[in-house]
Amino acid sequence: MQNFKEDFDSLVAKTSLSDGVDRRGFLKTALGTGFAAAVLPVSAQNVVKTDTAGLTAGEVSITVKGQKVSVYRAQPEGKSNLPVVLVISEIFGVHEHIADVARRFAKLGYLALAPDLFIRQGNPTTYTSIPELQKDIISKVPDAQVMGDLDALVAYAKDNGGNTDKLGITGFCWGGRITWLYAAHNPKVKAGVAWYGRLVGDKTELAPAHPVDIAASLKAPVLGLYGGKDAGIPLDTVEKMKAELAKGGSKSEFVVFPNSGHAFHADYRPSFVEADAKEGWKRCTEWFKTHGVA
């Protein structure tokens with residue numbers, strides 16, 4: 001349970017959400033719309049809205065071992081042979097912010113795919129309590145299940161306009177950890193960008209390895225974007241990860257933003273740091289271009 005305590009420490013903001021936005025106005029049911037109940041009301045004045053002009057965007061689905069998995073897809077309209085980026089959500093699922101990130105990539109010419117990786121365990125958007133969300137859903141999601149879903153998503157991309165020889169993955173918080181793991185799991189991944197994903201933890205049946213355990217054998221270059229004031233991801237764990245990466249040849253790198261805490265890219269939360277979010281996004285897109293995902 002220490003893993004989930006650390007995630008909780010990083011997810012719970014030090015300041016309250018106080019802009020008075022009506023919870024009912026934001027909570028929706030369609031994939032990629034609204035915001036999870038646990039983070040409402042949002043800091044609406046900071047929320048970035050990327051339009052769908054020139055894009056094909058919306059929900060599609062894939063089937064993995066008989067299970068329908070919903071995916072938010074965004075891509076340039078009428079285009080094919082597109083570089084592919086998998087967008088992996090935080091514990092709150094594929095809500096409006098994650099869909100917007102997918103649209104931002106699509107505007108840059110990518111086929112962006114954000115899958116609902118919690119669908120077998122439940123719907124995270126309906127939970128009002130982060131500890132209950134961690135206990136009831138997140139703690140029950142096997143890493144092996146996630147890897148299998150992402151493998152199926154890559155196969156979908158290949159058959160639906162994506163060039164999987166130009167495959168990248170990026171993720172936030174929970175999705176940041178998954179980014180490291182999937183970059184090690186799938187040799188097709190050209191590069192990854194992990195935003196403040198946990199690096200160390202207790203090994204369990206559902207989570208038999210953590211990023212620090214696969215660092216030395218990692219082949220794909222991963223860029224880690226982390227906050228120096230992140231309460232749930234101490235800087236000593238970043239140093240441990242760097243030491244393990246140095247034993248291998250992936251040429252992965254870290255950028256630590258000293259004035260940011262956890263979730264500094266999350267424009268809908270009080271943790272948002274605009275300057276660091278913009279710099280992180282710039283570094284993310286440049287990393288993909290440099291490493292063949294463009």
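Annotations
- First in segment 151-165 and under 18 Å from Ile88 (Cα atoms), second anywhere and assigned to a helix (DSSP H, G or I) and modelled with pLDDT of 95 or more, Cβ under 6 Å, 6 or more apart: Thr164/Val154; Thr164/Ala157; Thr164/Lys158
- In segment 41-54, the residue that is farthest from Glu96 (Cα to Cα) out of those that are open to solvent by 40 Å² or more (accessible area, probe 1.4 Å) and over 19 Å from the mean Cα position of the chain (by Cα) is Gly54.
- Residue among Tyr196, Tyr182 that alone is within 22 Å of Val85 (Cα to Cα), touching an Asp or Glu at 6+ places or on another chain (Cβ under 7 Å) and in contact (Cβ under 8 Å) with a residue 60 or more places away in the chain: Tyr196
Per-residue answers, yes or no, for (1) of a type in the set (Phe, Trp, Tyr); (2) surrounded by 15 or more Cβ atoms within 10 Å (Cβ to Cβ); (3) touching a Gly at 6+ places or on another chain (Cβ under 6 Å):
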| site | (1), (2), (3) |
| --- | --- |
| Asn259 | no, no, no |
| Asp267 | no, yes, no |
| Pro270 | no, yes, no |
| Trp281 | yes, yes, no |
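- From Leu206, Leu245, residue being touching a residue at least 12 places away in the same chain (Cβ under 8 Å) and crowded, with 19+ Cβ neighbours inside 10 Å: Leu245
- Each residue in segment 168-197 was checked for being under 11 Å from the mean Cα position of the chain (by Cα) and assigned to a helix (DSSP H, G or I), and 7 pass.
- For segment 121-143, the set of residues classified as in contact with a helix residue (DSSP H, G or I) (Cβ under 7 Å, 6 or more places away or on another chain), closer than 28 Å to Val154 by Cα and not in a helix (DSSP H, G or I) consists of Gln121, Gly122, Ile137, listed by residue number.
- Residues of segment 55-93 that turn out to be more than 19 Å from Cys284 (Cα to Cα), surrounded by 24 or more Cβ atoms within 10 Å (Cβ to Cβ) and in contact with a strand residue (DSSP E or B) (Cβ under 8 Å, 6 or more places away or on another chain), as a count: 3
- Test: residue in segment 182-191 that is over 27 Å from Glu96 (Cα atoms) and small (Gly, Ala, Ser): yes
- Within segment 96-120, the set of residues being under 18 Å from Ala157 (Cβ atoms), outside any loop (DSSP other than H, G, I, E, B) and not basic (Lys, Arg) comprises Ile98, Ala99, Val101, Ala102, Phe105, Ala106, Leu111, Ala112, Leu113, Ala114, Pro115.
- Residue in segment 232-241 that is nearest to Ala183 (Cα to Cα), counting only those that are under 21 Å from the mean Cα position of the chain (by Cα) and buried (at least 16 other Cβ atoms within 10 Å of the Cβ): Met241
- Test: residue in segment 157-169 that is closer than 25 Å to Phe272 by Cα and open to solvent by less than 30 Å² (accessible area, probe 1.4 Å): yes
The values are calculated or read from the model by the stated rules, or taken from the named source; none is laboratory data. As the structure is a prediction and not an experimental result, all values here were calculated from the model. Here Cβ is always computed from backbone atoms with ideal geometry, including for glycine, and neighbour counts include all displayed protein chains. To get the accessible areas, we keep the full protein, side chains included, count just its heavy atoms, and leave off ligands, DNA and RNA. Shrake-Rupley method; radii C 1.70, N 1.55, O 1.52, S 1.80 Å.
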